[in-house]
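Colleague: Here it is, the structure, as structure tokens.
The values are calculated or read from the model by the stated rules, or taken from the named source; none is laboratory data. Just so it is clear, the model here is predicted, and its values are computed rather than measured. Every residue, glycine as well, gets a Cβ built from its backbone with ideal geometry; the counts of neighbours run over all protein chains shown.
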Amino acid sequence: MTAPAIELKGISKAFGPVQANKDISIRVMPGTIHGIIGENGAGKSTLMSILYGFYKADAGEIFINGKKTVIPDSQAAIAAGIGMVFQHFKLVENFTVLENVVLGAEEGAMLMPSLRKARKELTELAKEYGLKIDPDARIDEIGVGMQQRVEILKALYRQADILILDEPTGVLTPAEADQLFRILDRLREEGKTIILITHKLREIMDITDTVSVMRRGEMTATVKTSETSPAELAELMVGRKVLLRVDKTAANPGKPVLEVEGLRVVDSQGVERLRGIDLTVRAGEILGIAGVAGNGQSELLEVLGGYRTATGTVRVNGEEIDLTGKHSDGRSRRARGIAHVPEDRQSEGLIMDFMAWENAVFGYHHDPAMQSGLLMNNAAIKADTAGKMERFDVRPPNPRLQAKSFSGGNQQKIVLAREIERNPDLLLVGQPTRGVDIGAIEFIHQQIVRLRDAGKAILLVSVELDEIMSLSDRIAVMFDGRVMGERLPGETDEKELGLLMAGVTETAA
Amino acid sequence: MDLATALQILDSTVRLSTPLLLACLAGLFSERAGIFDIGLEGKMLMAAFFSAAVAALTGSVWLGLLAGIASSMVLSGLHGLASITFRGDQLISGVAINFLAIGLTVLIAQDWFQQGGRTPSLIGGGRFQEITLPFADTLQGVPILGPIYHDLISGHSILVYVALLMVPLTWWILFRTRFGLHLRAVGENPAAVDTAGLSVVGLRFAAVGICGILCGIAGAYLATGLQAGFVKEMTAGRGYIALAALIFAKWRPWYALGACLLFGFLQAVALRYQNIDLGAFTVPVQFMDALPYILTVVILAGFIGKAVPPKSGGVPYVKER
């Protein structure tokens, strides 16, 4: 019988009082794809970091191909044939693909022979695994899908037999993700062992052979993928039944709240990012904007949120709003009843070093209720925040914690609570559940639907097609700064939307 | 302007550019590895003093050079300890080093030599002598090229040639060796270096060490080549001008040569034309002396275009969770 490619026995790791990994044991057979699934903060990444030599386990043993192996640092992990593709790529952006592949794996003190050798080997790897790439392209000039490919090539160039991928599809479009899975399939055929860390159930079901579920630092189950179901996995992850579909009644749209006509944006490089957008969002409906990231959705939100100038007409509740002048800022937008949950909560939605109560008042600190004379009424703000945290189930419900000490889902709930509780007429919400765990996704979706049912207009931008399909009452697809078309969720499917997202319309196709 | 005057100005440009160039390349190594070094000035000053002091005491300029390099490296080590090992603020560490150097040099000079914070004037073997290149005298008679070779190219101290040779050498190290690739990578994305199994700390210390050596040579040149002895605060902001030149050069060795020659030229012009009579009024000498510094500001403000510093410059590396 073959020895497992990787066997972990009784791995434990604590960061201070937090037990990130508790007595974890796992066996991964060679030539298989093994999924590790769990909510954010379940300890998946910590476990893999131990395997890659980033952290030292407090207890436990690692066996590689049946041999006990000590992995004190990344060098040892590489030597043991382990390659890791991190969620946030570890690439030098102004280096070429070739230079990145070679970095740390050079042959001698001179660069040129190493680069020549790597170039040759890269061509061979490209042929062997279908990983075509331009070795002379600079990292900052290629897309994320390609960058991820470079990471995989880096590992293969170092003769990795075991590949660990940490949330590999978080940054990819559906098409890029499909492509990645084809590559992983190919790697498995060639006998590589792959560990796939994710919190997306669909990926686990699609590609893995076996799957381990982690919850709060513990391994709760390891099962054959063919013998389980998404519902069972979700339950194992969260510890309770989860609603995977959004429960909502049919929309009851009222008068138009947001009317956008001929909206154009030219960025600082002179590139036209929005090429004439026409949209209407009515009271009591959710308009979902689907599209591959970078096709103008961010710019649209920025214009409507008041921090990017544009030309065209935007009316809110029938009144035109200023798109360029001095009344074009976040504060005047809020005064018009527009609330904004930005796409990137860590850089636009929150100040990570500030406490929850300080974050929960941003944008609304001019409110007289939050002030006492010239000063801020901190006691009132804190009390208000505590209420918000309770209503939005933010854990831990402590207004004095820094924003960065909350998990992604709880950070998002703080932003959402701040914006929704102001009772806006129009809510702009971008990537509401990016990097958020399943339990929180469910809650966030419910809150958005609840706001809609209260007769508010919602503009939802998301790159998650599932999210768009299940939340929206109408779907608009953006491509290259234009709206390619509008569809009703019941009358379209992922295939049609996917084509629109790629810029293909029926007439053109 | 006749050829002789032009050659004189260019000759002095080369001399004045040398310490700038060495300091600029020193900064280049450090900053390419992600360690901002505002302490170039302090390191040069310290090296200037110790090279002059040791040269004065032993009569050997070479021992002086070694002492200068050693003292500069001690400060580099301090900067490394503060900013790499203890992940402190690189600007604050650099400023501290500058103050430390200003105070210590004068204090020790007074204690050792009792000459009001200066070293005795260096004579004979205590200074770097000018080197006459082969055939310089024979070829002097050749029109135009002769004087250029004799007056401009020949007749500098060895450190001038060392500085000029450092330019291609730096380029070669950075872009043609494994070490150079690692060095550039650690300044851009230390996480990439770390996951590749290389030592971020080791690389950054190596870079800071090279920076120390080059600053040491620069300081030694100031006190034992350009001038004959140490005087209080003799670096006169050259470390900062070198930093400006580094930004102007966009952290590239050949550009650094150009930038330093330009700043050296400005200093040479200021030295040569102390009072310019414009008929109606005379440009005061103070203005001419200030000119290189004013132009530093102007050039940095307006003429460099987009200068992108190494991405992880100034940021201590902390392994993420």
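Colleague: Quick one: would you say B:Phe263 is more than 14 Å from chain A (Cβ to nearest Cβ) and in contact with a Pro (Cβ under 7 Å, 6 or more places away or on another chain)? Can you show your working first?
Modeller: Details: more than 14 Å from chain A (Cβ to nearest Cβ): yes; in contact with a Pro (Cβ under 7 Å, 6 or more places away or on another chain): yes.
Against the criterion (more than 14 Å from chain A (Cβ to nearest Cβ) and in contact with a Pro (Cβ under 7 Å, 6 or more places away or on another chain)), B:Phe263 qualifies.
Colleague: Considering the stretch A:288-313 alone, what residues qualify as being assigned to a strand (DSSP E or B) and crowded, with 23+ Cβ neighbours inside 10 Å?
Modeller: Residues of the stretch A:288-313 assigned to a strand (DSSP E or B): A:288-290, A:311-313.
Matches in the stretch A:288-313: A:Gly288, A:Ile289, A:Ala290.
Colleague: Then there's this: Go through (1) of a type in the set (A, V, I, L, M, F, W, C); (2) over 22 Å from B:Trp251 (Cα atoms); (3) not in a helix (DSSP H, G or I) and name the single condition B:Leu271 misses.
Modeller: Condition (3) is where B:Leu271 drops out.
Colleague: Something else about it: Any idea which of A:Gly170, A:Gly254 is surrounded by fewer than 17 Cβ atoms within 10 Å (Cβ to Cβ), part of a loop (DSSP other than H, G, I, E, B) and at pLDDT 90 or above?
Modeller: Sole residue among the options that is surrounded by fewer than 17 Cβ atoms within 10 Å (Cβ to Cβ), part of a loop (DSSP other than H, G, I, E, B) and at pLDDT 90 or above: A:Gly254.
Colleague: Condition first: outside any helix (DSSP H, G or I), within 25 Å of A:Ala80 (Cβ to Cβ) and away from chain B (no Cβ under 14 Å). Now tell me which residues in the stretch A:128-159 satisfy that. Quick ask: steps written out before the conclusion?
Modeller: Step one: list which residues in the stretch A:128-159 are outside any helix (DSSP H, G or I), which gives A:130-138, A:142-143, A:158-159.
From the residues that got through so far, the ones that are within 25 Å of A:Ala80 (Cβ to Cβ) too are A:131, A:158-159.
The one that is outside any helix (DSSP H, G or I), within 25 Å of A:Ala80 (Cβ to Cβ) and away from chain B (no Cβ under 14 Å): A:Leu131.
Colleague: Here's another thing I want to ask about it. If you go through the stretch A:314-338, how many residues are among the basic types (Lys, Arg), surrounded by 15 or more Cβ atoms within 10 Å (Cβ to Cβ) and not in a strand (DSSP E or B)?
Modeller: Our first condition is that a residue be among the basic types (Lys, Arg); within the stretch A:314-338, this holds for A:315, A:326, A:331, A:333-334, A:336.
If we keep only those that are surrounded by 15 or more Cβ atoms within 10 Å (Cβ to Cβ) as well, we get A:315, A:333-334, A:336.
Of the ones still in play, those that are also not in a strand (DSSP E or B) are A:333-334, A:336.
Counting residues in the stretch A:314-338 that are among the basic types (Lys, Arg), surrounded by 15 or more Cβ atoms within 10 Å (Cβ to Cβ) and not in a strand (DSSP E or B) gives 3.
Colleague: Are any of the residues in the stretch A:123-132 buried (at least 20 other Cβ atoms within 10 Å of the Cβ) and in the same structural domain as A:Phe63 (by TED's automatic domain parsing)?
Modeller: Initially, the stretch A:123-132 is screened for residues buried (at least 20 other Cβ atoms within 10 Å of the Cβ), giving none.
Within the stretch A:123-132, none of the residues are buried (at least 20 other Cβ atoms within 10 Å of the Cβ) and in the same structural domain as A:Phe63 (by TED's automatic domain parsing).
Colleague: Now a separate question. Across the stretch A:397-421, which residue is modelled with the lowest pLDDT among those that are among the charged types (D, E, K, R) and within 22 Å of the chain's Cα centre (by Cα)? Break it down stepwise before answering.
Modeller: Initial filter on the stretch A:397-421 (among the charged types (D, E, K, R)): A:400, A:404, A:413, A:418-419, A:421.
Subset that is within 22 Å of the chain's Cα centre (by Cα): A:404, A:413, A:418-419.
Working: A:Lys404: 86, A:Lys413: 94, A:Arg418: 94, A:Glu419: 94.
Here the residue is A:Lys404.
Colleague: I've got another one for you. List the number of the failed condition for A:Thr385; all other conditions in (1) in contact with a Phe, Trp or Tyr (Cβ under 9 Å, 6 or more places away or on another chain); (2) surrounded by fewer than 15 Cβ atoms within 10 Å (Cβ to Cβ); (3) closer than 17 Å to A:Ala339 by Cβ; (4) not hydrophobic (A, V, I, L, M, F, W, C) hold.
Modeller: The number of the failed condition is (2).
Colleague: Looking at the stretch B:37-66, which of its residues are more than 15 Å from the chain's Cα centre (by Cα) and closer than 24 Å to B:Gly202 by Cα?
Modeller: Correct list: B:Leu66 only.
Colleague: Does B:Gly77 satisfy the criteria of being surrounded by fewer than 24 Cβ atoms within 10 Å (Cβ to Cβ) and more than 19 Å from the chain's Cα centre (by Cα)? Steps first, answer last, please.
Modeller: Values: surrounded by fewer than 24 Cβ atoms within 10 Å (Cβ to Cβ): yes; more than 19 Å from the chain's Cα centre (by Cα): no.
Here the answer is no, as B:Gly77 does not meet what is asked.
Colleague: OK, next. Whether any residue in the stretch A:32-45 is outside any loop (DSSP other than H, G, I, E, B) and within 14 Å of chain B (Cβ to nearest Cβ) is what I want to check. Step through it out loud before you land on a result.
Modeller: Let us first name the residues in the stretch A:32-45 that are outside any loop (DSSP other than H, G, I, E, B), namely A:33-38, A:44-45.
Narrowing further to those that are within 14 Å of chain B (Cβ to nearest Cβ): A:44-45.
So far as the stretch A:32-45 goes, yes, one or more of its residues are outside any loop (DSSP other than H, G, I, E, B) and within 14 Å of chain B (Cβ to nearest Cβ).
Colleague: Hey, another quick one. Could you tell me which residue of the stretch A:131-146 is farthest from A:Arg119 (Cα to Cα), considering only residues that are within 21 Å of the chain's Cα centre (by Cα) and of a type in the set (A, V, I, L, M, F, W, C)? Write out each step before concluding.
Modeller: Here is the first cut: in the stretch A:131-146, the ones within 21 Å of the chain's Cα centre (by Cα) are A:139-140, A:142-146.
Filter again for of a type in the set (A, V, I, L, M, F, W, C), leaving A:139, A:142, A:144, A:146.
Numbers: A:Ile139: 16, A:Ile142: 18, A:Val144: 21, A:Met146: 17 Å.
Restricting to residues being within 21 Å of the chain's Cα centre (by Cα) and of a type in the set (A, V, I, L, M, F, W, C), the top hit is A:Val144.
Colleague: Could you tell me which of the residues A:Phe95, A:Phe86 is farther than 30 Å from A:Ile6 by Cβ and in contact with a strand residue (DSSP E or B) (Cβ under 8 Å, 6 or more places away or on another chain)? Full working, then the answer.
Modeller: Working: A:Phe86 fails: farther than 30 Å from A:Ile6 by Cβ.
Within the list A:Phe95, A:Phe86, the selection yields A:Phe95.
Colleague: Just one of A:Arg182, A:Arg186, A:Arg158 is surrounded by fewer than 17 Cβ atoms within 10 Å (Cβ to Cβ) and touching a helix residue (DSSP H, G or I) at 6+ places or on another chain (Cβ under 7 Å); which is it? Before the answer, list the steps.
Modeller: Numbers: A:Arg182 fails: touching a helix residue (DSSP H, G or I) at 6+ places or on another chain (Cβ under 7 Å); A:Arg158 fails: surrounded by fewer than 17 Cβ atoms within 10 Å (Cβ to Cβ).
The conditions single out A:Arg186.
Colleague: When the residues of the stretch A:70-100 are narrowed to those that are in a helix (DSSP H, G or I), facing chain B (nearest Cβ under 10 Å) and under 19 Å from B:Gly180 (Cβ atoms), which ends up nearest to the chain's Cα centre (by Cα)? Write out each step before concluding.
Modeller: Of the stretch A:70-100, the ones in a helix (DSSP H, G or I) are A:74-79, A:97-100.
If we keep only those that are facing chain B (nearest Cβ under 10 Å) too, we end up with A:74-79, A:99-100.
If we keep only those that are under 19 Å from B:Gly180 (Cβ atoms) too, we end up with A:99-100.
Values: A:Glu99: 28, A:Asn100: 25 Å.
That would be A:Asn100.
Colleague: Additional query: Which numbered condition trips up B:Gly180, out of (1) of a type outside the set (A, V, I, L, M, F, W, C); (2) on the phi > 0 side of the Ramachandran plot; (3) within 14 Å of another protein chain (Cβ to nearest Cβ)?
Modeller: (2)
Colleague: Limited to the stretch B:109-139, what total is found for residues that are under 18 Å from B:Ala223 (Cβ atoms) and touching a Phe, Trp or Tyr at 6+ places or on another chain (Cβ under 7 Å)?
Modeller: 4
Colleague: Still on this structure: Just for the stretch B:183-217: of the residues that are within 14 Å of another protein chain (Cβ to nearest Cβ) and touching a Phe, Trp or Tyr at 6+ places or on another chain (Cβ under 6 Å), which one is surrounded by the fewest Cβ atoms within 10 Å (Cβ to Cβ)?
Modeller: Going residue by residue through the stretch B:183-217, those that are within 14 Å of another protein chain (Cβ to nearest Cβ) are B:183-203, B:206.
Adding the requirement that they be touching a Phe, Trp or Tyr at 6+ places or on another chain (Cβ under 6 Å) leaves B:190, B:200.
Numbers: B:Pro190: 26, B:Val200: 22.
Out of the qualifying residues, it is B:Val200.
Colleague: Here is a follow-up. Under 17 Å from A:Leu426 (Cβ atoms) and of a type in the set (Ser, Thr, Tyr): does that describe A:Ser332?
Modeller: Values: under 17 Å from A:Leu426 (Cβ atoms): yes; of a type in the set (Ser, Thr, Tyr): yes.
Against the criterion (under 17 Å from A:Leu426 (Cβ atoms) and of a type in the set (Ser, Thr, Tyr)), A:Ser332 qualifies.
Colleague: Can you work out which of the residues in the stretch A:423-464 that are surrounded by fewer than 23 Cβ atoms within 10 Å (Cβ to Cβ) and on the phi > 0 side of the Ramachandran plot is modelled with the lowest pLDDT?
Modeller: Checking each candidate, the answer is A:Gly435.
Colleague: Here's another thing I want to ask about it. Say whether the condition of being without any contact (Cβ under 8 Å) to a residue 40 or more places away in the chain, assigned by TED's automatic domain parsing to the domain that holds A:Pro432 and assigned to a loop (DSSP other than H, G, I, E, B) is met by at least one residue in the stretch A:475-492.
Modeller: Yes, the stretch A:475-492 contains a residue that is without any contact (Cβ under 8 Å) to a residue 40 or more places away in the chain, assigned by TED's automatic domain parsing to the domain that holds A:Pro432 and assigned to a loop (DSSP other than H, G, I, E, B).
Colleague: May I ask you to verify whether A:Thr208 is of a type outside the set (D, E, K, R), modelled with pLDDT of 85 or more and either buried (at least 17 other Cβ atoms within 10 Å of the Cβ) or under 30 Å from A:Glu496 (Cβ atoms) (or both)?
Modeller: On the way: of a type outside the set (D, E, K, R): yes; modelled with pLDDT of 85 or more: yes; either buried (at least 17 other Cβ atoms within 10 Å of the Cβ) or under 30 Å from A:Glu496 (Cβ atoms) (or both): yes.
Here the answer is yes, as A:Thr208 does meet what is asked.
Colleague: Also: Being part of a helix (DSSP H, G or I), more than 33 Å from the chain's Cα centre (by Cα) and not small (Gly, Ala, Ser) is the filter here; which residues of the stretch A:103-120 pass it? Let's see the steps before the verdict.
Modeller: From the stretch A:103-120, those part of a helix (DSSP H, G or I) are A:111-120; that's our starting set.
The next check asks that each one be more than 33 Å from the chain's Cα centre (by Cα); those that pass are A:111-117, A:120.
Matches in the stretch A:103-120: A:Leu111, A:Met112, A:Pro113, A:Leu115, A:Arg116, A:Lys117, A:Lys120.
Colleague: Going by the structure shown, is B:Gly68 within 13 Å of B:Ile213 (Cα to Cα) and either at pLDDT 95 or above or not in a loop (DSSP other than H, G, I, E, B) (or both)?
Modeller: On the way: within 13 Å of B:Ile213 (Cα to Cα): yes; either at pLDDT 95 or above or not in a loop (DSSP other than H, G, I, E, B) (or both): yes.
It is true that B:Gly68 is within 13 Å of B:Ile213 (Cα to Cα) and either at pLDDT 95 or above or not in a loop (DSSP other than H, G, I, E, B) (or both).
Colleague: Let me ask something else about it. If you check every pair at least six apart or on different chains, which have Cβ atoms under 7 Å apart with a residue in the stretch A:171-191 that is of a type outside the set (Phe, Trp, Tyr) first and a residue that is loosely packed, with under 14 Cβ neighbours inside 10 Å and in a loop (DSSP other than H, G, I, E, B) second?
Modeller: A:Ile183/A:Gly130; A:Arg186/A:Gly130
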